[in-house]
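Worksheet: one structure, shown below.
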Amino acid sequence: MAERTCILVTGGAGFVGAALVRRLAASGYRIRVLDNFTTGDPAHLAGVDAELIEGDIRDPRALGAAIAGAGAVVHLAAAGSVVMSVADPAANFDVNVVGTFRVLDAARRAGAGRVVLASTGGALIGDAAPPVDERSLPKPISPYGASKLAGEGYAHAFAKAYGLRTISLRFANVYGPWSERKQGAITLFFRAIHRGEPIVIYGDGTSTRDYLHVDDIASALQLALEKDVAGGTVLHIASGTETSVSELADLCRAVAGRPDHPVEYRPRRPGEVERNFAAYDLARQVLGYEPTIGLADGLRRTWEWFRDEVFAPAEVS
Ligand SMILES: NC(=O)c1ccc[n+]([C@@H]2O[C@H](COP(=O)([O-])OP(=O)(O)OC[C@H]3O[C@@H](n4cnc5c(N)ncnc54)[C@H](O)[C@@H]3O)[C@@H](O)[C@H]2O)c1
């Protein structure tokens, strides 16, 4: 039998990793995960055919051992919180900029065939008239957005200087199962509903986002691994649909069967963009990417996952 291609997934025990590793393992790849479990959890990969290595992407020895023999890398490990990046920009820089540099450098030395980087749409572009796309001028308004732009810069430079086949995917706001440790709106809204506490909205509820189910992100990541795309390419992976935070809260309340659950409005937080959604035409053209899960359907599935897997069934009234 032919040797299966080994893929190193950094941060594979996190939220996106849980969906991606399952998908790649089911597609026949041999998966190795390097994760320091800061926000990830080995339980996310329970029962999945993947090798788990506990270690930090900033540790060249751990990274060198993890990357040995890998045909490709998907780099998901990051400090992913906009709010925490505003509070502690140095810590964010260390993981996201130094860490991403180390991953690219290790991939170059190991001769990896492809490196796929997780980047971000909204936080990297900043306040721009949506829909944004690959021609929009990046103007990050948080240290997190700036760190992801730096990673894209190194990915492009490593493609040109060393021929490393990098591709950066700018994710929209991702939601779905295994997001119980995330601080994103959907996780917090479902938790609030479950606990009987008001849903908290920062700002007046008119700010908008582009929400994408994690299975659509995982399918885009797999396409990025498998399609022959020029090194240094950057693509927006999005739903192309703009949803306000108030609309999102209404949908969350509806799928949870609590349409009258209370909502509390608090002052807007710094570093957050006001309006954001992205066009994915280039990803469709280059990867054949197309989102398949609508927001109402995806939220219903996510609520059911939270209800069955996170909130003890006996606690749900
Ligand atoms: N979730 C989203 O909405 C979203 C949107 C845009 C971009 N992204 C990007 O997608 C990627 C995955 O995000 P996620 O939502 O799964 O986040 P996550 O926090 O659930 O996963 C990140 C994983 O990386 C690990 N990690 C963090 N620092 C590490 C380090 N120094 N060494 C080794 N492992 C480390 C964590 O333990 C965790 O398992 C990140 O790069 C994030 O910036 C996510």
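Let me check something: with ligands and nucleic acids excluded, how do 293, 201, 141 order by accessible area (1.4 Å probe), largest to smallest?
Putting 293, 201, 141 in descending order of accessible area: 141, 293, 201.
So if I take the alpha carbon set of segment 191-281, get Rg, then get Rh from the Kirkwood formula, what is the Rg over Rh ratio?
Rg divided by Rh gives 1.08.
Residues with amide H under 5 Å of residue 126's amide H, sequence separation 5 or more or different chain, H placed in the peptide plane at 1.01 Å from N; which?
Those lying under 5 Å, H to H, from residue 126 are 139, 141.
How large is ³J(HN,Hα), in whole Hz, for each residue of segment 210-225 in order, when computed from phi with the Karplus curve 6.51 cos²θ - 1.76 cosθ + 1.60 and θ = phi - 60°, using x for Gly and Pro?
10, 9, 10, 5, 4, 5, 6, 5, 4, 5, 5, 5, 5, 4, 5, 5
Residues with beta-carbon under 12 Å from that of residue 159, excluding residue 159: net charge, scoring Lys, Arg +1 and Asp, Glu -1?
Around residue 159, the surrounding residues sum to +3.
Taking every DSSP beta bridge that has both residues in the chain, what percent is antiparallel when rounded to the nearest 5?
5
With every protein chain kept in the model, how would you rank 134, 309 by accessible area, 1.4 Å probe, largest at the top?
From most accessible down to least: 309, 134.
Report the normalised scattering of segment 91-161 as log10 I(q)/I(0) at q = 0.14, 0.18 Å⁻¹, calculated by the Debye formula with identical scatterers on the alpha carbons.
-0.46, -0.71
Remind me, relative contact order of the chain in percent, using alpha carbon pairs under 8 angstrom and six or more residues apart?
Relative contact order of the chain: 18 percent.
From the protein chains alone at 1.4 Å, what is the descending order of accessible area for 261, 194, largest first?
Putting 261, 194 in descending order of accessible area: 194, 261.
Would you work out the charge dipole size for the chain about its Cα centre, treating the Cβ of every Lys and Arg as +1 and the Cβ of every Asp and Glu as -1, and quote it to the nearest 20 debye?
So the magnitude is around 700 debye.
Tabulate in residue order the Karplus-calculated ³J(HN,Hα) for segment 3-10, using 6.51 cos²θ - 1.76 cosθ + 1.60 with θ = phi - 60°, rounded to whole Hz; enter x for Gly and Pro.
5, 6, 5, 8, 10, 8, 10, 6
Could you pull out every residue, at least 5 positions away or on a different chain, whose amide H is within less than 5 Å of the one on residue 170? Hs are placed 1.01 Å off N in the peptide plane, and Pro or chain starts have none.
Those qualifying (amide H under 5 Å, at least 5 residues apart or on another chain) are 119, 235, 236, 237.
Just report the Cα centroid separation between segment 71-111 and segment 241-258, whole Å.
If you average the Cα positions of each part, the centres end up 32 Å apart.
On a 0 to 90° scale, report how tilted helix 99-110 is relative to the longest principal axis of the chain, with both axes built from alpha carbons and the result rounded to the nearest 10.
30
For residue 278, enumerate residues with amide H under 5 Å from its amide H, sequence gap 5+ or separate chain, H modeled in the peptide plane.
132, 239, 240, 241
Across 5 Å bins from the origin, how do the percents of Cα pairs in segment 108-249 run, short distances first?
2, 9, 16, 19, 19, 14, 9, 5, 3, 2, 0
With 17 Å as the cut-off, how large is the P(r) tail for segment 197-249, expressed as percent of Cα-Cα pairs?
So the portion of pairs separated by more than 17 Å is 53 percent.
Just need the Rg to Rh number for the chain, please, alpha carbons only, Kirkwood Rh.
0.96
Within 12 Å, Cβ to Cβ, of residue 71, how many net charges do the neighbouring residues add up to if Lys/Arg are +1 and Asp/Glu are -1?
+3
How far is helix 245-255 tilted, in degrees, relative to the longest principal axis of the Cα atoms in the chain, given as a value from 0 to 90 rounded to the nearest 10?
Value to nearest ten degrees: 80.
Let me cross-check residue 281: its accessible surface, 1.4 Å probe, with only protein heavy atoms counted, in Å² to the nearest 10?
90
Calculate for the chain the 222 nm mean residue ellipticity that helices alone would give, adding -39,500 (n - 2.57) per DSSP H run of length 4 or more and normalising by residue count, nearest 500 deg cm²/dmol.
It comes out at -11000 deg cm²/dmol, rounded to the nearest 500.
So what is the accessible area of segment 176-291 per residue, in Å², with the probe set to 1.4 Å?
43
Run the simple label-point estimate for residue 87 and residue 38 please: 7 Å along Cα→C-beta, distance reported in nm.
Using points 7 Å along Cα→Cβ, the separation is 1.3 nm.
Considering the Cα positions of segment 1-117, please state its Rg to one decimal place and its Dmax as a whole number of Å.
When restricted to Cα atoms, segment 1-117 yields Rg and Dmax of 13.8, 51 Å.
Regarding segment 134-201, what's the average projected area of the Cα-atom convex hull, expressed in nm²?
If I average the Cα hull's projected area over directions, I get 6.8 nm².
The values are calculated or read from the model by the stated rules, or taken from the named source; none is laboratory data. Model, not experiment: these values are computed from the prediction. We place every Cβ from the backbone using ideal geometry, glycine too, and count neighbours over all the protein chains shown. Heads up: the accessible areas ignore ligands, DNA and RNA and are worked out on the full protein's heavy atoms, side chains in. Shrake-Rupley method; radii C 1.70, N 1.55, O 1.52, S 1.80 Å.
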